[in-house]
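What follows is a short report on a single structure.
Coordinate-derived values only; no laboratory data. Keep in mind the model is a prediction, meaning the values are calculated, not measured. Every residue, glycine among them, receives a Cβ derived from its backbone with ideal geometry; neighbour counts consider all protein chains shown.
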């Protein structure tokens with residue numbers, strides 16, 4: 001077990017370096033793209049079953065992709081441990097979305113600084129499900145910051161933790177559920193029943209990572225010229241403010257670090273929803289806050305990977321040298 005986790009720690013670190021270098025590969029063969037296509041195909045036949053159909057879709061999709069990854073990794077390990085690490089790293093890499101989040105956020109930031117609000121709103125619509133037409137600058141900034149903060153858990157920390165304890169198969173399992181949640185996990189008329197199971201399972205999978213994210217973000221804050229104390233204070237106060245049991249943790253931590261007040265009324269599919277406010281910050285939601293959020297996101301991601309590397313060397317020192325002795 002120690003050897004398995006050690007190999008996963010190495011693979012996770014390599015995966016994050018791959019993501020930092022290459023970003024999210026733009027191809028129709030990307031596992032997430034294939035997951036999405038399969039989900040939509042199965043949805044056509046299962047939607048009529050309501051909640052039960054959503055359970056079946058979630059079970060089939062998660063089981064199929066997880067077992068496929070597990071089988072490939074099993075054969076890779078049987079061939080050579082280095083083949084396992086290589087394949088494991090590539091699979092985990094496809095489950096991580098750190099660089100793409102930074103790039104998307106900066107695509108919102110750049111037109112804002114040029115005074116092009118419509119273009120900024122269009123770019124924002126690529127990463128959020130809320131309606132972006134008619135948003136003023138402050139709303140665009142806050143929405144971008146909220147997206148970055150939420151994605152730290154979904155796109156960085158959760159896949160990392162499931163990769164460490166479950167390898168590439170664990171990361172794929174999380175990504176399969178997360179992808180379904182992003183597709184059908186809405187509380188609207190169409191998906192309130194069909195997508196409920198996927199949404200609740202996603203909540204369960206993100207429960208521990210969301211809480212761990214507060215500590216990592218708070219630790220990262222001083223390295224970005226931000227207050228660790230205010231990050232923790234705000235997160236403790238507002239971490240349960242959101243309807244979701246997880247979303248407000250990283251979001252409130254970012255609000256505290258950036259000295260912002262996030263949340264408020266937003267429109268989803270033409271219907272206005274009053275979301276709770278998070279943070280007591282007095283900072284102006286200016287475009288620079290997006291850039292600061294990206295910096296904090298990047299720093300927290302680096303610390304998450306550094307934690308993996310540190311744990312690997314501890315296991316290697318006390319539990320042997322899995323790569324050299326395999």
What residue among 272, 128, 214 has the largest mean-square fluctuation in a Gaussian network model of the chain, using Cα springs under 10 Å? 272
Divide, for segment 190-326, the radius of gyration over alpha carbons by 2.2 N^0.38 Å, where N is the residue count. 1.28
Can you tell me how segment 1-67 classifies by the Cα gyration tensor, rounded, prolate or oblate, using a/c under 1.5 as the rounded cut? oblate
Principal axis dimensions, segment 1-122 - Cα atoms, whole angstrom, descending: 56, 43, 24
Per the 1/(1 + (r/R0)^6) rule, R0 = 22 Å and r from the Cβ atoms of residue 228 and residue 291, FRET efficiency to 0.05 is 0.65
D (Stokes-Einstein, µm²/s), Kirkwood Cα radius, the chain, 0.890 mPa s at 25 °C: 120
Starting from the Cα-Cα distance between residue 17 and residue 273, subtract it from 0.36 nm times their residue separation and give me the gain in nm to one decimal. 88.3 nm
In terms of the alpha carbon gyration tensor, root eigenvalues a ≥ b ≥ c, rounded if a/c is under 1.5 and otherwise prolate when a/b exceeds b/c or oblate, segment 141-201 is oblate
Largest fluctuation, 172, 309, 145 only, Gaussian network model of the chain with Cα springs under 10 angstrom, belongs to 309
As an exercise, take the mean of 1/r over every pair of distinct alpha carbons in segment 50-195, invert it, and state the Kirkwood radius in angstroms. 17.2
Label segment 117-236 by shape, choosing from rounded, prolate and oblate, from the square roots a ≥ b ≥ c of the eigenvalues of the Cα gyration tensor; if a/c is under 1.5 it is rounded, and otherwise prolate applies when a/b is larger than b/c, oblate when it is not. oblate
For a quick check, take a GNM of the chain with Cα springs below 10 Å and name the residue from 154, 24, 274 with the largest mean-square fluctuation. 274
On the formula 1/(1 + (r/R0)^6), with r taken between the Cβ atoms of residue 83 and residue 280 and R0 of 30 Å, the FRET efficiency rounded to 0.05 is 0.05
Cα centroid distance between segment 173-241 and segment 83-153, in Å? 16
